[in-house]
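J.: Quick one: the structure is below, questions incoming.
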Amino acid sequence: MVLNYIWIGFLLVAFLMAAGRTLLYGDLDIWSTIMNASFSQAAFAFEVSLGLTGVLTFWMGIMRVGERAGAISAMARLISPLFSRLFPGIPKDHPAMGAIFMNISANMLGLDNAATPMGLRAMQEMQSLNEQKDTATDAMIMFLVLNSSGLCLIPVSIMMYRAQGGASNPSDVFLPILVATAIATLVGLIALCVRQRIRMDRVIWSWLGGIAAVVGLIAWLFSGMSAEETQRWSTFAANMILFSVIVGIVLAGMRKRLRVYDVFIEGAKEGFHTAVGIIPYLVAILVAIGMFRASGALDAFTGAVERLVGLCGFDTRWVGALPTMLMKPLSGSGSCAMMLDVMHANGPDAFVSRLAGAVRGSTDTTFYILAVYFGSVGISRTRYAAGYALLADITGAVAAIGCAYLFFD
């Protein structure tokens with residue numbers, strides 16, 4: 001229901017902004033601008049779905065081989081002590097556990113293209129356990145919030161964008177992103193455990209402590225490297241691990257004497273149908289976002305916040321990154337464009353440019369995730385998923401601001 005109201009809100013606010021600009025300033029072109037944005041966003045949504053088709057087809061095929069070979073269930077057993085507590089509605093040996101593990105692992109490595117197909121597979125497996133097919137289960141909501149908080153150990157894409165933008169040290173946002181995304185994940189996880197009445201026992205705290213230790217180890221390892229070394233080794237580690245997983249699944253299939261290619265094709269066909277199925281959901285959310293942005297509502301809000309912060313006597317430098325913060329939950333490409341625009345306007349090494357990079361990597365694209373993941377299994381009643389996902393987004397943005405002042409001021 002929350003997503004329904006948010007979607008309607010985007011459209012109504014865009015209409016009211018357009019009406020206000022016409023009545024107050026005589027701006028007749030704003031209506032054309034908004035409608036052109038709706039057409040371009042609809043086309044963009046289709047392009048995104050089309051772009052996902054190849055990736056989904058490949059990874060759904062790999063996942064099917066992993067399931068038949070027993071590799072997915074082996075992964076499920078590995079993390080069952082933690083996930084059996086966070087996802088009490090899913091049996092310990094269910095394939096959903098392995099798919100969830102692979103999705104979260106890919107997200108932590110900054111491999112967005114690989115994470116999405118694995119996430120869609122996890123949703124399909126969880127939907128098989130769902131008695132109310134149009135309503136999100138607690139397990140689905142937990143999974144979506146963990147995705148939205150976007151725990152990322154190696155933010156490869158952000159460092160790449162900063163390198164392309166001419167930053168003197170593209171990896172300087174590495175530690176701020178690591179800290180901010182860890183805080184966002186921790187807050188989102190604890191808040192949802194309270195909401196779902198999941199007891200935070202020693203096992204959960206031990207795993208969280210272990211993740212914190214890994215975050216600290218990675219921070220320590222990369223802190224002594226140059227910018228070039230950080231980008232080189234982080235890219236190497238992420239892609240080497242991913243390719244190793246692919247080869248490991250194939251070898252497991254060979255060990256089981258599967259006709260690996262035929263099993264892959266069987267799963268790949270499912271990936272194609274999944275990609276087609278999410279098109280209406282993507283069109284709905286991206287068109288609403290495009291119209292909201294084209295109406296000028298986003299710019300108006302940013303300007304109002306900057307004036308308010310200034311009147312209160314606080315530093316306003318962070319407000320320049322506010323469009324990136326606001327766009328991040330709405331659109332990955334939109335927030336990326338905002339970040340690049342800030343870098344272009346202020347220089348890649350300016351405080352606000354570094355902050356925009358930290359914000360861009362602090363959480364994931366909430367409404368895109370909600371639209372794609374829930375849409376892929378026909379969930380229309382998302383319950384409280386959007387609210388808790390946005391809590392993680394806000395926490396990540398605030399943490400990114402604090403980290404930016406700590407590291408860059």
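J.: Could you work out how much longer the chain between residue 84 and residue 405 gets when fully extended? Use 0.36 nm per residue separation minus the Cα distance between them, nm to one decimal. Don't skip to the end; give the middle numbers.
T.: On the way: separation 321, 0.36 × 321 = 115.56 nm, distance 3.85 nm.
My answer for the length gained is 111.7 nm.
J.: For region 314-374, how big is the tail of P(r) above 16 Å, as a whole percent of Cα pairs? All intermediate terms of the calculation are to be shown ahead of the outcome.
T.: Working: 727 of 1830 pairs.
Of the Cα pairs, 40 percent sit more than 16 Å apart.
J.: Still on this structure: Calculate, in nm to one decimal, what residue 311 and residue 191 gain on full extension: separation in residues at 0.36 nm each, minus their alpha carbon distance. Please report the intermediate quantities before stating the final value.
T.: Working: separation 120, 0.36 × 120 = 43.20 nm, distance 3.30 nm.
Full extension of this stretch gives 39.9 nm more.
J.: Continuing with this model, one more query. What longest region of the chain stays clear of trypsin sites (Lys or Arg not before Pro) that DSSP places outside H, G, I, E and B and that have at most 14 other Cβ atoms within 10 Å? Walk me through the numbers before you get to the answer.
T.: Numbers: sites that count: 92, 133, 197, 199, 256, 257, 259.
Counting only loop sites that pass the neighbour cut-off, the longest clear stretch is 260-409.
J.: Can you give me the P(r) profile for the chain? Cα pairs, bins 20 angstrom wide beginning at 0, each as a whole percent.
T.: 26, 58, 15, 0
J.: Can you tell me the 0 to 90 degree angle between the C-alpha axis of helix 260-277 and the longest principal axis of the chain, rounded to 10?
T.: Its long axis makes an angle of about 30 degrees.
J.: Right, something else. Considering the Cα trace of region 274-409, what is its radius of gyration and what is Dmax, both in angstroms?
T.: 16.0, 51
J.: Suppose we keep just the alpha-carbon trace of region 178-316; what are its Rg and Dmax in angstrom?
T.: Cα only, region 178-316: 23.3, 70 Å (Rg, Dmax).
J.: Shifting gears a bit: Each label point is 7 Å from the Cα along the Cα-to-Cβ direction; what then is the distance between the points at residue 163 and residue 232, in nm?
T.: Roughly 1.0 nm, to one decimal.
J.: Once you sort the root eigenvalues of the Cα gyration tensor of region 68-109 as a ≥ b ≥ c, which label holds: rounded (a/c under 1.5), prolate (a/b larger than b/c) or oblate (the other case)? The partial results should precede the final answer.
T.: Working: a/c = 1.92, a/b = 1.09, b/c = 1.77.
Taking the square roots of the gyration eigenvalues as a ≥ b ≥ c, region 68-109 is oblate.
J.: For the chain, what does -39500 (n - 2.57) per DSSP helix run (n ≥ 4), summed and divided by total residues, give at 222 nm, in deg cm²/dmol to the nearest 500? If you can, show how the numbers build up before the last one.
T.: On the way: 18 runs with 314 residues, N = 409.
Dividing the helical sum by the residues of the chain leaves -26000 deg cm²/dmol.
J.: Quick check: net charge around residue 327, other residues with Cβ under 15 Å of its Cβ, Lys/Arg +1 and Asp/Glu -1? Display every interim value, and only then the final one.
T.: Numbers: positive: 293, 328, 360; negative: 299, 341, 364, 393.
Value of the local net charge: -1.
J.: Further question on the same structure: Pairs of Cα atoms under 8 Å, at least six residues apart: use those to get the relative contact order of region 2-408, whole percent. Please list the in-between numbers first.
T.: Working: 605 pairs, mean separation 119.8, N = 407.
Relative contact order, region 2-408: 29 percent.
J.: A further question follows. Give the calculated FRET efficiency between residue 341 and residue 8 to the nearest 0.05, with a Förster radius of 41 Å applied to their Cβ-Cβ distance. Could you put the intermediate results ahead of the total?
T.: Numbers: r = 28 Å, r/R0 = 0.69.
Plugging the Cβ-Cβ distance into 1/(1 + (r/R0)^6) gives 0.90.
Bear in mind that the values in this text are calculations on the coordinates, not laboratory data. Here the structure is a predicted model, which means the values were calculated and not measured. For neighbour counting, all protein chains shown are included, and Cβ atoms are generated from backbone atoms with ideal geometry for every residue, glycine included.
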